[in-house]
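I have a structure I would like to understand better, so I am pasting it below and will then ask my questions one at a time.
Readers should treat all values here as calculations from the given coordinates under stated rules, not as data from a laboratory. Computed from a predicted model, the values in this text were never measured in an experiment. Quick reminder, even Gly has a Cβ in these numbers, built from the backbone with ideal geometry, and neighbours come from all protein chains shown.
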Amino acid sequence: MNQLIIKDLNVSIGEKAIVKGFNLTLNSGEVHAIMGPNGTGKSTLAKAVAGHPDYTITGGDVLLDGRSILAMQPDERARAGLFLAFQYPSEIPGVTIANFLRAAVQARLTEGEELNATAYYKRLYTKMDLLKIDRKFTSRAVNDGFSGGEKKRCEILQMAMLEPKFALMDETDSGLDIDALRIVAEGVNAMRNSALGILMITHYQRLLDYIVPDFVHVMYDGHIVRSGDKSLALELEAKGYDWLKKELAHA
Amino acid sequence: MSNLSATATLETATAENPVVGIDQSRGDFKYDVAYEFDAGTGLSEKTVRYISSVKKEAPWILDFRLKALKTFLDKPMPTHWATKDLENINFDKIRYYLSSGQKPKRTWDEVPADIKKTFERLGIPEQERKFLAGVEAQFDSEAAYSNIKEIVAKQGVIFANSTEALREHPEIFRKFFGKVIPTGDNKFSALNSAVFSGGSFIYVPKGVKVAQPLQAYFRINAENFGQFERTLIIADEGAEVVYMEGCTAPKFSTSTLHSAVVELVALKGAKIQYITVQNWANNVLNLVTKRGVAHEEAEIKWIDCNIGSRLTMKYPGVVLKGRKARGEVISIALANDGQHQDTGAKMIHAADETTSNIVAKSISVGQGRSTYRGVVHIPRHLKGCRNNTECDALLINTNSRTDTYPAITVRGDANSVQHEASVSKVSEEMIFYMQSRGLTEAQAMSLAVNGFINDLASQFPMEYSVELKRLIDLEMEGSVG
C-alpha cells in the first residue's frame, strides 16, 4: 500500500499566501473529494503538490511513501507515481496522443531500455476500449482543438496509461455537459482499484453522484475546515457555501 | 600567392583565424593536416588560376572564373538589408582551395569525447563518424557511389561531381551552367563562380524517372565537403529526380565561410526535388544561393532544413517560366544561442497559371534569432497565378527573436495570393503539463519543437526525419539548465 501525506502545507503565489496549514493523508484505494468555494486554494494545492514552478512552498511537507517530494522536479514526481489531471490541459500541436503517451511511458523505463512498441499499442488499445474511446482518437494532436469533454477524456486516458499511485484530479467536471460528465466518471470508476488513491477537487456536488467518494473534505481559506463522508457533500449542496462561511464566522 | 607548386605547401589548415572575431575553437576542433593542394590565403587572379590549373580545366572555365572574380571585387556587400555580421568577413584570410591527397595523421582516440558522443547520439555510422571527425580523409563510399552511378547510368543519367562533369560533359554543362544564377546575381554567387570546386552535376534524360534519391550514396567525399561547391541539376522533359544533400552530423569544417551555388533546370513536365538537411558548426557563415527554373508544367520543390551555423542566409527560389509550372519551398530553421538563421524563399512567376507554395517554420532558442525573408512576384500581365505563403515562428524563451519580411508583389486582378504568419511560444504551462507526465524539461521542449515542425518533417525521407528528430533532441538538451 502507498501513502501520500500532505503535512501542514503552506503555499504562496508571489507574496500572497493561498494554502495555509493544509493536512491530509491519502491511502491507496481511497477516493477523497475536496470541495470548497472558488478562490479557496483547491487548484493551488493540486498544482503545488505536482510541482508547478509558480507556486512557492513556504512551509510543511508532502511525503510520498515517507519520502519528501518537495525537492523533486515535476517530472520526477510524476515518475515517482503522482498524476495531475488538469482543469485546463495544454494543447501540444503536432504531437499525437499516441506519441505523447509513448514518450511518457518511455520516460519511465530505465536508461537504455527500449519500449516494446507492440506491447505498448496493445496496452493503449485495451485502455481505450475500457474507457470507450475511439481508436482514431490517439492519432489526433494532444488537446489541439479538442472540446471540453475530449480534453478531459484525454486526461483520463493518460491517467489510465501511466498508472499512477496517486491521481490529483483538478475540477475534472468543469466545462462538461451531463453526458460528457457521465463518460468521464465511468472511466474513473473503471480505474478505481486498491492500488490507486484519488484526490478529486470539485466545486460542485454533482460529480460526486457519479464518482462516489470515501471521504469528503471542505476546504476554506487555504485549509480543510470540515471532513466527513458523502453526506457532507449533500449537506453542502443543500445549504450552500454561504452557510459554511457564516458557521465559520461564528465559531 | 607564395606557393604555386602543388606539393610545396604544407601549412596547417586552421593555423589562423579566417574570420576575425570568431572563436574557431567552438564547435570546431583543430588538427594539423598536410594538404596536397593548397591555394593559400587570400583571393587574387593567381588564386583563381591556381585552382583552375590544379583542376586541369578548359580555358573557357578559367575565363568564366576570372570574369566572376572581377564581378566579385566590384560588387558591394549587400549591406542595406543584410545583417552587419557580413562585414566581419575578411576575404584576405580565407583559404579558397584545399585538397588533401594523403591520409591525415591522427587517430580516433584523439577525437574529443563530446564530439564522439554527439556522433553516437545521432546514430552516425562508424565509418562516417571517422570521416566527419577528420580521422579519415575520405569516407569509403566510393563503392556505393560507383554502384548507384552505374545503376542510373543505365537509364542514361549522368551523375558526377562537377569537376568531373566539366571535363567529360562540357556540351551539357556549358549550356546550362551559370544561366539560372548568373555570376553577378549577388556578391557571393560571384565569389562562388570564381573559386568553386566540388558539388554535383546531374543530367536526367527525357522521360526518365530516377527511382532512388541521388546523393545519399554520394554524400560524403572530400570535395563535396568543400566550402564553395557548385551543383547543377538538369531534368529533361518529363524526367523526375530527387536529390539530397548534407547530413545532420555537425560539420567540423576547417573553414568558416561556406558559399555554395545550386542551379536547377526542370524542362517541360519535369520534376526536381532538392532536399537539404544541414547542421553547421557554430562559427560558420553559410551564404548560399539556390535557384531553379521550372518550364511548362514542370515542378521544382526545395525542402530546406537549416540548423547550426553562426549566420545562414539562404532563400531558395523558383522562376516559374512556363505555363502551369509549379514551385514549392518547405523550410525549417532552428536558431540556437548565438545563431542567426536568415532564410526564406523566392517565387518569381513569369507565365500564366503558375502556382507557388511557401511554408516556412522557424524555431528560435535562447538568444537565437530567426528571420523569414520572402519574395513573391506576380506581374500584371499574367493570368491565373496563385501563391500561398505560410510562415510560422516558434520562440523557446523570451530572449529569442523572430522577424518576418515578406515582400509580395502581385499585380493585375487575375491572380491570387494568400499569406499567413504566426508566432507562438512554448509556454511554461505547456512544459509543466508535459513534465507532469514524466518527461524532463528537455524532453518536453524537444517534443514541442518536433510537434511544431511535424507536418513538414514528415515530407523528409525517413532517414532524414529520424536524424532531424534526434538532432532536435540534442539541441534542446543543450538549451535547458
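Starting from the Kirkwood Rh over alpha-carbon pairs, what translational D in µm² s⁻¹ does the stretch A:108-245 have by Stokes-Einstein at 20 °C and 1.002 mPa s?
For the chosen part, D equals 127 µm²/s.
Here's something else I'd like to know. Per residue and in Å³, how big is the convex hull formed by the alpha-carbon atoms of the stretch A:3-250?
That works out to 131 Å³ per residue.
Using the reciprocal of the averaged 1/r over all distinct C-alpha pairs, how large is the Kirkwood radius of the stretch A:70-171 in Å?
14.2
Rounded to the nearest 20 Debye, what is the dipole magnitude of the stretch B:132-427 about its Cα centre when Lys and Arg each give +1 and Asp and Glu each give -1 at the C-beta?
In debye, rounded to 20, the stretch B:132-427 gives about 680.
Next question, about the same structure. Which value, in nm² and rounded to one decimal, describes the direction-averaged projected area of the C-alpha convex hull of the stretch B:428-481?
Computed as one quarter of the Cα hull surface, the answer is 3.8 nm².
I've got another one for you. Residue by residue through B:446-454, how many Cβ atoms from other chains fall within 10 Å of the Cβ on average?
The per-residue average across the peptide is 5.
Same structure, new question: Just need log10 I(q)/I(0) for the stretch B:354-481 at q = 0.18, 0.20 Å⁻¹, Debye formula, equal scatterers on the alpha-carbon atoms, no solvent, rounded to two decimals.
-0.98, -1.12
Let me make sure I get this right: for the stretch A:60-117, a, b and c are the square roots of the gyration tensor eigenvalues over alpha carbons, sorted descending. Under 1.5 in a/c it's rounded, otherwise prolate if a/b > b/c, else oblate. Which is it?
Because a/c hits 1.5 or more and a/b fails to exceed b/c, the stretch A:60-117 counts as oblate.
Tell me which lysines have Cα within less than 23 Å of B:LYS67's Cα, excluding those fewer than 8 residues away on the same chain?
Partners within reach: B:LYS46, B:LYS55, B:LYS56, B:LYS75, B:LYS93, B:LYS175, B:LYS179, B:LYS187, B:LYS290.
Looking at the P(r) of the stretch B:132-427, how many percent of alpha-carbon pairs lie beyond 27 Å?
In whole percent, the share of Cα-Cα pairs in the stretch B:132-427 beyond 27 Å is 41.
Multiplying the sequence separation of A:LYS246 and A:ASP54 by 0.36 nm and subtracting their Cα-Cα distance, what value in nm do you get?
65.9 nm
If you count, for each residue, the other Cβ atoms within 10 Å and average over each peptide, how do A:51-64, A:104-117, B:437-450, A:209-222 line up from highest to lowest?
B:437-450, A:209-222, A:51-64, A:104-117
Provide the FRET efficiency to the nearest 0.05 for the A:ARG108-B:GLU164 pair, computing r from the beta carbons and using R0 = 45 Å.
0.25
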